Amino acid sequence: MKKESNKGKFQKPQKQNRRFEKRDSGHETTVKDQRRFWPKDEDQDEETFIIVGKNPVLEALRSDQVIDKLLILKDNTDHVLKKIADQAKKRNIIVQSTEKARLETLADGQVHQGIVAMMAPFPYSSVEDILEKAKKKERPPFIVILDHLTDPHNLGAIIRSANLCGADGVIIPKRRSASLTATSVKASSGAVAHTMIAKVNNLSQCIESLKKKGIWVAAADMDGQAYYQADFKGALAVVIGNEGSGISRNVKKQCDFSVSIPIYGEIDSFNASAAAAIILSEAAKQRNQ
């Protein structure tokens, strides 16, 4: 997140006043009706991916994700790995002992801790699933939208923050964006297994659809007002931009208001995942007061 200029640093933009209005589509919309708002996605099949490390694999087992096979370091005496293997066998998951070299090849530089899970394609949710989750909890939707992040570690870290802050789901674009990999899954510290993630073809169209459903959209942007002065209550989506270029022009135009993090040091930006954690934490505080 870029450093703010002093000019208007803490001024409230006029658009912010709209946060206190009730956004209404003008009619009640059934679940069946909702589907016409969303641009159709193409086939979302993904290649089989892997999870490495004890905690990510344990979280995958706890969440009943589909695991094709577990590969565990041959001749190890680790009691945690034995516990994981026993749980997997109870679910009729294939467990194989393998050499360290194979685990390191599959982990591709990640710390595998002696275990790799071969996963079925990730079960992506739909935007409707995320909204339905909020509806079942009888609370306004709280959604995180990622505008073409490219670093899988940032993706995983933001999914973790979204989960910890009570977000109902995360929306990412299908193309030109980091996807779920061993790196992002591990960076999420198990949150991927408990967080709805939806892929869409066009973020601008998706945001417009959310707005028609009464959801206000906040952009994390250097030109916005201080994040702690914003109103994050009610139906809300927070957009986090690309690590280098921030939020794209077309997406920013769709947002209702912008929020920024004041900078007091010598460098000019926060890491995308750190900025997300700060803003989402403030949203969580306001929404749970």
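None of the figures in this text is laboratory data; all of them are computed from the coordinates on show. Computed from a predicted model, the values in this text were never measured in an experiment. We place every Cβ from the backbone using ideal geometry, glycine too, and count neighbours over all the protein chains shown.
Data table
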item: Karplus-derived 3J(HN,Hα), 6.51/-1.76/1.60, for each residue of region 171-185, Hz, glycine and proline x; result: 10, 10, x, 6, 10, 6, 8, 4, 10, 5, 10, 4, 5, 5, 5
item: Packing-based exposure ordering (other Cβ within 10 Å, fewest first) of Val116, Val111, Val80; result: Val111, Val80, Val116
item: Extended-chain gain in nm, criterion 0.36 nm per residue less alpha-carbon gap, Arg249 and Glu99; result: 49.1 nm
item: Placed amide H near Val238: partners under 5 Å, 5+ positions off or other chain; result: Ile143, Val144, Ile145, Ala218
item: Sites Asp86 and Leu164, calculated FRET efficiency, Cβ-Cβ separation with R0 30 Å, nearest 0.05; result: 0.55
item: Given Lys69/Lys199; Lys213/Lys233; Lys212/Lys253; Lys211/Lys253, the pairs whose alpha carbons are separated by over 23 Å; result: Lys69/Lys199
item: Förster radius 45 Å - calculated FRET efficiency between Asn201 and Lys74 (Cβ-Cβ, nearest 0.05); result: 0.55
item: Karplus-derived 3J(HN,Hα), 6.51/-1.76/1.60, for each residue of region 87-95, Hz, glycine and proline x; result: 5, 5, 5, 5, 9, 6, 8, 5, 10
item: Spherically averaged projected area of region 50-119 from its Cα convex hull (nm²); result: 3.9 nm²
item: Sorted by Cβ density within 10 Å, fewest first, the residues Lys186, Lys285; result: Lys285, Lys186
item: Using distinct alpha-carbon pairs, which all enter the 1/r mean, Kirkwood radius of region 140-200 in Å; result: 11.1 Å
